[in-house]
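Notes follow the structure.
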Amino acid sequence: MTSTKSTPDVRVLATAAQATTTVARLFKKIVNEAVRMRGECTVALAGGTTPHALYQELAAHVFDADVPWQHVEVFFGDERNVPHDHVESNYHMAQRSLLDYVPISPDRVHPMSADADDLQVAANEYEQIVRRIVPAGESGIPQFDLILLGMGGDGHTASLFPHTEALGEAERLVVSQHVPVLGRSRMTVTFPLINAARHVILLVTGDDKAEVAAGLLSDDPTQREEIPAASVAPTDGKLTIVLDSPAARQTDLKATEL
Ligand code: 6PG
């Protein structure tokens with residue numbers, strides 16, 4: 001399989017709201033294209049706080065029927081080791097801001113059980129669900145139509161944190177790991193699964209992400225090597241990085257019109 005790693009498409013918008021709308025528009029375009037071409041769309045949602053406004057915006061437009069939710073399979077990029085009804089759960093956040101408001105069948109929503117007694121078994125089981133539902137690409141790896149990601153101030157993405165074992169995982173597609181900096185365990189997709197996707201969108205907003213965003217977008221590889229999100233490089237897919245001006249303020253990138 002030839003690698004056709006394309007350079008990321010980087011968009012800077014003046015505000016977080018405009019960055020969110022930009023991602024919402026791209027989300028809708030990708031989903032509609034996937035459903036038109038293949039009759040379905042497989043998406044992995046991001047957690048954290050940044051995508052909350054995005055999910056609310058997607059839910060708000062549901063009556064425009066501009067997203068064929070009945071043909072979408074929803075997965076998650078990572079999950080905290082809490083029950084699904086816990087306020088810290090990424091599934092809970094997506095459910096309350098989006099999934100409760102769109103016409104998607106519950107059996108097409110696949111939360112991670114990151115609070116299971118045996119997290120490795122749970123991760124393996126999640127991987128099997130991904131392999132069963134998400135069609136494989138040329139590489140034989142399940143090829144998501146879209147994986148949404150955020151980035152922490154330390155450069156982590158999904159729950160791929162700096163200096164953790166999962167960063168180097170080359171075979172398994174979903175793992176659970178203890179994250180020392182959090183003192184907690186997390187379940188997360190790995191780079192083989194992320195980089196097999198057709199589209200990856202990385203949404204980064206806020207002044208607190210300025211330093212790590214500058215490192216991520218630096219031409220200097222030594223700046224990027226400590227940033228896990230810098231390893232997001234779809235092999236035969238497209239990476240779009242969307243920032244607001246505060247997150248991009250340490251780069252030479254200027255905001256464009258919405
Ligand atoms: C999580 C997310 C994580 C998130 C970053 C950024 O479980 O926390 O999946 O990867 O994207 O931590 O989080 P914020 O959007 O809250 O800054």
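Some notes on this structure:
- Among Pro106, Ala166, His71 - extreme Cα towards positive end, dipole of region 39-201, charges at beta-carbon: Ala166
- Separation of the Ala116 and Gln70 label points, Cα + 7 Å toward Cβ, nm: 3.2 nm
- Accessible surface of the chain, 1.4 Å probe, proportion on carbon and sulfur as whole %: 50 percent
- Considering only the chain, percent of DSSP beta bridges that pair antiparallel, nearest 5: 30 percent
- Prolate/oblate/rounded label for the chain (Cα gyration tensor, a/c 1.5): rounded
- GNM top mover of Pro221, Pro111, Pro51 - the chain, alpha-carbon springs below 10 Å: Pro221
- Rolling a 1.4 angstrom probe over the protein heavy atoms with all chains in place gives the chain an accessible area of 45 Å² per residue.
- Taking every C-alpha pair closer than 8 Å and separated by at least 6 residues, the mean separation divided by the residue count of region 102-187 gives a relative contact order of 24 percent.
- Nearest-20 debye value, the chain charge dipole, Cβ charges on Lys, Arg, Asp, Glu: 600 debye
- Vicinal HN-Hα couplings computed from phi for region 8-17 (Karplus, 6.51 cos²θ - 1.76 cosθ + 1.60; Hz; Gly/Pro x): x, 8, 10, 10, 10, 10, 4, 10, 4, 5
The values are calculated or read from the model by the stated rules, or taken from the named source; none is laboratory data. This one's a predicted model, so the numbers in the text were calculated from it and none came from an experiment. Quick reminder, even Gly has a Cβ in these numbers, built from the backbone with ideal geometry, and neighbours come from all protein chains shown. Surface areas here come from the heavy atoms of the whole protein model, side chains and all, with no ligands, DNA or RNA. Shrake-Rupley method; radii C 1.70, N 1.55, O 1.52, S 1.80 Å.
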